[in-house]
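The values are calculated or read from the model by the stated rules, or taken from the named source; none is laboratory data. Since we're looking at a predicted model, the values are computed, not measured. All Cβ positions, even for glycine, are placed from backbone atoms using ideal geometry, and neighbour counts span all protein chains on display.
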Amino acid sequence: MPATPQALAQHKAIVLTEVGKDVEYRLQSRNDPCVLRPDLVVATNDYWTMKTLCIEGLGIALLPDFFTRPEVDTGALKPVLPGWQPEPTRIYCAYQKQRYLGRKLRAFIDLMAECFEGIDTFKRYVGSDRKAARRAAP
């Protein structure tokens, strides 16, 4: 298990990327920033694929907490470097320029902002621990 961000270089990385783009992680712990370029083993454009490969033990990935919490709770995934977080990412709502912001559009933007603020409180599905099931099987 890596103890520092620099130790991640010794592990297989599963990354979310677009074709032809270099992957760079900007992590922070309190006010201590760190920039990493992982040695990727698998590159994909799908979070579900990344999570599945991690559950199968094929590498380490940077995945959102809300997306992996069920698997962490069941033991299928283990957090790596819990004191480190990625830099916050801004999310934008793009819409056609209008002279006045309509009520429906304003309501939609407010709903999206509310959903992202409360994403950790959404009802979760039940994750499964495939490795534990294999160990328990005769």
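Just a few scattered comments:
- Pairing residues of the stretch 1-17 that are within 18 Å of ASP32 (Cα to Cα) and in contact (Cβ under 8 Å) with a residue 24 or more places away in the chain with residues that are not small (Gly, Ala, Ser) and not in a loop (DSSP other than H, G, I, E, B), at Cβ distances under 7 Å and at least 6 apart in sequence or on separate chains, gives PRO2/LEU8; PRO5/LEU27; PRO5/CYS34; PRO5/LEU36; LEU8/LEU36; LEU8/ILE60.
- Inspection of the stretch 58-66 identifies no residue that is in contact with a strand residue (DSSP E or B) (Cβ under 7 Å, 6 or more places away or on another chain) and free of Cβ contacts under 8 Å to residues at least 24 places away in the same chain.
- Residue in the stretch 14-21 that is in a loop (DSSP other than H, G, I, E, B), among the small types (Gly, Ala, Ser) and farther than 18 Å from PRO64 by Cβ present: yes
- Within the stretch 81-100, the residues that satisfy the criterion of being on the phi < 0 side of the Ramachandran plot and touching a helix residue (DSSP H, G or I) at 6+ places or on another chain (Cβ under 8 Å) are TRP84, ILE91, CYS93, TYR95, GLN98.
- Top-ranked residue in the stretch 17-50 [being modelled with pLDDT of 85 or more, over 16 Å from TRP84 (Cβ atoms) and touching a strand residue (DSSP E or B) at 6+ places or on another chain (Cβ under 9 Å); ranked as surrounded by the fewest Cβ atoms within 10 Å (Cβ to Cβ)]: ASP46
- Failed item, numbered, when GLN6 is tested on (1) surrounded by 13 or more Cβ atoms within 10 Å (Cβ to Cβ); (2) over 27 Å from GLU117 (Cα atoms): (1)
- Selection count where residues are of a type in the set (Lys, Arg) and within 16 Å of the chain's Cα centre (by Cα), scope the stretch 1-49: 1
- Among residues of the stretch 72-83 that are surrounded by 17 or more Cβ atoms within 10 Å (Cβ to Cβ), those with a beta-carbon under 9 Å from a residue that is outside any helix (DSSP H, G or I) and hydroxyl-bearing (Ser, Thr, Tyr) at least six positions away or on a different chain give the pairs ALA76/SER128; LEU81/THR4; LEU81/SER29.
- Any chance GLN96 is among the polar types (S, T, N, Q) and at pLDDT below 85: yes
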